[in-house]
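Here's the structure, in structure tokens; my notes come after.
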Amino acid sequence: MSARTLPLLFLNLGGEMLYILDQRLRAQSIPGEKARKDEWTDVDRKRVMNDIISTMFNRKFMEELFKPQELYSKKALRTVYDRLAHASIMRLNQASMDKLYDLMTMAFKYQVLLCPRPRDILLVTFNHLDAIKDFIYESPGILNQVDETFRQLIETYNCLSDGEFQLIRQTLLIFFQDMHIRVSIFLKDKVQNSNGRFALPISGPVPWGTEVPGLIRIFNHKGVEVKRTEFTTAGNYVAPQREGSFELYGDRVLKLGTNMYSVSRPVETHVAGSAKNLASRAKENTVPNPLAKEELNFLARLLGGLDIQKPAAGETGFRLNLFTTDEEEEHAAQTRPEDLSYKVINIEATQEPGQRAELSRILGELEVAEPRPGSVEKGEDLLALMDGL
Amino acid sequence: PPRYRRERALALRSSSSALYNNLTVLCPPARPARAFGAVHGTTLSLLGPEGPPRQLPARGGSALSTPLLTQAAWCELPARVLLVLTSQRGVQMYEADGSTLVFWHALDVPEHPAAHSVFARGISAAGERFICVGTSSGAVLVFDIPPKGTNVTLSEVLEQHRDPITDIAAEQGQAPEGAGDLVTADDSGTLCLWSTGEEFTLLGKIPGSGCTCSSVTLWNGIVAAGYGNGQIRLWEAGTGQLRAQVSAHARWIYALDLAPLTGKLLSGAEDSFVHVWRLSRDPDTDDVEIQHCHAECVTDTQVCGARFCDPSGDTFAVTGYDLSEILCYGPA
């Protein structure tokens, strides 16, 4: 509904994606001196992060993103992240990509739901950007790109009213409606219930600008306060300490949108949909869906702006696994419920030949050369590594 | 002692969206037994006593892209009851059971999306023969409804608000002299008081302070307004004077409803709470009174709709974001 939702959706999902990739890369990396030719090193990790971040914050891409437009389907958006995740030497199988997207979306859904004020979604976005700047602080060129986007966010959003932010929030909540994928890190922290719904606390600080519930004030016809009474409820609220900063630099105060992953907390998702979800989702997926013309236009514009780096001649792509073993990844791919599959877009199903050709060309340019035959993918020895732990 | 307890949950085909005032109820005698409606994205889920639940889609989109609904409400006029849906494209009016489309009004939607979204939102019956619908530009459309048939006409466009309309409410009791019988509210918290008729007259304007008024009711000349900062404020409709201020909720209020026989007020918010209050007026001082009667916590749910199911306020129903049920409460 709000035509200003996409930049916030994209940047926050992108931020979560980077947190997860960073954590998995660290978990699977080997110290530089010990690494064999086919193993992940810290240098590889930084390179992947740099490549993806610089692609994400590409100026032309950002220009397209910030144009007023409606939100597109989860499918269309997923395609953009697929390309983004492959903007470097890293490769992800379908199952790992699915898991990555599940984690990204559930994390941001949680953040949107729990934002004290709709305006705080901007603080969540700033938290993600602050962390992204930390990932690439050694690269001034990319840092500049991120700061540019930061400034554009401030310019576009700082002046919006609370009502407009609530409309953005409502638009995001419609996008995330009915998603109840269980994430183990959320379940452990009791932030999510076993039925996949998020726990909403009824205690803690109230949003900035809201009073702690309980007071009733009565005024007479002259506007003079004549009575005060109080009421109590089960809630246990306190006044907030201070407001977060909406400037380029500052203490955001809000913790939502900061990195909750660390190497010692591997992240798993459970993708069993409940019976209720099955009903509504099955309906969505049975209609064969040639992409809407508008969605194709959107993709062509966005992906056209993506400047994907191709690995230099002689380099191979390295596979990242979002699961702990290759077998787990394989199993996840085979058992993913039909209703939860993010059907990757079928370009051939489109009706517009001209459109199809253009998009195919763009996607073709983004194809990266497959690893040379004979070279060993880093991922294959992961199993051996895990056995050794 | 608790005044209400949870009775039952009615299953919806799909979950409710996070939209203001996202529950509409049609009570007897307008209908043999209660009917409910809640919006989910592009469709309205209808639950009635007879027949399977039905869904009404939003109109006005292309084959592959359906517009989002913003609200739905039954409007009870003396001659007939219409079911009104508002969306990003326009206003749809149906016979009360949702079976027949009576009228469609398309909004002026620009070719390419502009920074300011376009949508209709805010629905109320008014003045015995009108239905008023708000828009994102701040304009309020006044439709003249014939007692039968489809000859609905746009009678007037009221242009006093500069921000998107959130809610509209008609006087449910007896308006005191000069108090007006309709109130319109917007995103900036501005409230306008009107007297309805062949031509609507603006009687007064209560300026907002930047805090959205998402829901509003009007009863015996008292405006009850729910705000984004969790406050409920009671205003004197005739003078625009603030008569009460309640720190009612810890989050954005999404719904208010009033039971005209008793003056009970229902409020629902993102903080998971539903409160029942009682409004009254001191006959000697003419001061407005508001007392807290009951609190209900809908665990882990952001409430988006709340309505009394009878004119005395002995029963009420609640919807929540992502909840595929309507929760019903009755006397304890």
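Observations, loosely collected:
- Cβ-Cβ distances below 7 Å connect the following pairs, each with a first residue in the range A:47-69 that is within 14 Å of another protein chain (Cβ to nearest Cβ), a second residue that is modelled with pLDDT under 90 and surrounded by fewer than 19 Cβ atoms within 10 Å (Cβ to Cβ), and a separation of six or more residues or different chains: A:Glu64/A:Arg301; A:Glu64/A:Gly305; A:Pro68/B:Pro113; A:Pro68/B:Ala114; A:Pro68/B:Ala115; A:Gln69/B:Pro113.
- Of residues in the range B:259-275 being in a loop (DSSP other than H, G, I, E, B) and crowded, with 24+ Cβ neighbours inside 10 Å, the one nearest to the chain's Cα centre (by Cα): B:Glu270
- Residue in the range A:215-222 that is loosely packed, with under 11 Cβ neighbours inside 10 Å and either within 7 Å of chain B (Cβ to nearest Cβ) or out of contact with any Cys (no Cβ under 6 Å at 6 or more places or on another chain) (or both) present: yes
- Residue that is nearest to the other protein chains (Cβ to nearest Cβ) [pool: residues in the range A:165-180 that are in contact with a helix residue (DSSP H, G or I) (Cβ under 9 Å, 6 or more places away or on another chain) and part of a helix (DSSP H, G or I)]: A:Leu173
- Single match in A:Glu284, A:Glu247, A:Glu243 (criterion: modelled with pLDDT under 85 and more than 9 Å from chain B (Cβ to nearest Cβ)): A:Glu284
- Screening B:Glu296 against (1) more than 7 Å from chain A (Cβ to nearest Cβ); (2) among the acidic types (Asp, Glu); (3) outside any strand (DSSP E or B) leaves a single unmet condition, (3).
- Checked against (1) under 19 Å from B:Cys132 (Cβ atoms); (2) modelled with pLDDT under 90, B:Pro52 passes all but condition (1).
- Taking the conditions (1) touching an Asp or Glu at 6+ places or on another chain (Cβ under 8 Å); (2) modelled with pLDDT of 85 or more in turn, A:Ile89 satisfies each one other than (2).
- Candidates A:Leu153, A:Leu160, A:Leu100 - the one that is at pLDDT 90 or above and within 14 Å of chain B (Cβ to nearest Cβ): A:Leu160
- Scope the range B:242-261; condition more than 20 Å from A:Gly163 (Cβ to Cβ) and either in contact with a His (Cβ under 7 Å, 6 or more places away or on another chain) or more than 9 Å from chain A (Cβ to nearest Cβ) (or both); matching residues: B:Asp257, B:Leu258, B:Ala259, B:Pro260, B:Leu261
- Considering the range A:193-214, the residues that are more than 7 Å from chain B (Cβ to nearest Cβ) and on the phi > 0 side of the Ramachandran plot include one that is surrounded by the fewest Cβ atoms within 10 Å (Cβ to Cβ), namely A:Gly204.
- Test: residue in the range A:181-192 that is aliphatic (A, V, I, L, M), in contact with a Ser or Thr (Cβ under 9 Å, 6 or more places away or on another chain), within 9 Å of chain B (Cβ to nearest Cβ) and in contact (Cβ under 8 Å) with a residue 60 or more places away in the chain: no
- For the range B:304-332, filtered to residues that are under 27 Å from A:His180 (Cα atoms) and assigned to a loop (DSSP other than H, G, I, E, B), the residue that is farthest from the other protein chains (Cβ to nearest Cβ) is B:Leu323.
- Residue within the range B:132-152 that is within 14 Å of chain A (Cβ to nearest Cβ), assigned to a strand (DSSP E or B) and within 16 Å of the chain's Cα centre (by Cα) present: yes
- When the strands (runs of 3 or more DSSP E) confined to the range A:181-234 are screened for residues that are touching an Asp or Glu at 6+ places or on another chain (Cβ under 7 Å), those reaching at least 3 such residues are found at A:215-219.
- If you check B:Leu256, B:Leu279 for being more than 18 Å from the chain's Cα centre (by Cα) and part of a strand (DSSP E or B), only one passes: B:Leu279.
- Condition met for A:Ile154 (under 28 Å from A:Thr79 (Cβ atoms) and either among the aliphatic types (A, V, I, L, M) or in contact with a Gly (Cβ under 6 Å, 6 or more places away or on another chain) (or both)): no
- You will find that of B:Leu68, B:Leu83, the residue that is of a type in the set (A, V, I, L, M, F, W, C), over 15 Å from B:Leu26 (Cα atoms) and touching a strand residue (DSSP E or B) at 6+ places or on another chain (Cβ under 9 Å) is B:Leu68 and no other.
- Selection count, the range B:159-180, where residues are over 23 Å from B:Gln241 (Cβ atoms) and more than 14 Å from chain A (Cβ to nearest Cβ): 1
- When B:Thr301, B:Thr285, B:Thr239 are checked against the criterion of being in a loop (DSSP other than H, G, I, E, B), on the phi < 0 side of the Ramachandran plot, crowded, with 19+ Cβ neighbours inside 10 Å and facing chain A (nearest Cβ under 9 Å), B:Thr301 stands alone in meeting it.
The values are calculated or read from the model by the stated rules, or taken from the named source; none is laboratory data. For clarity, every value in this text was computed on a predicted model and none was experimentally measured. Please note: Cβ atoms are built from the backbone with ideal geometry, for glycine as well, and neighbour counts cover all protein chains shown.
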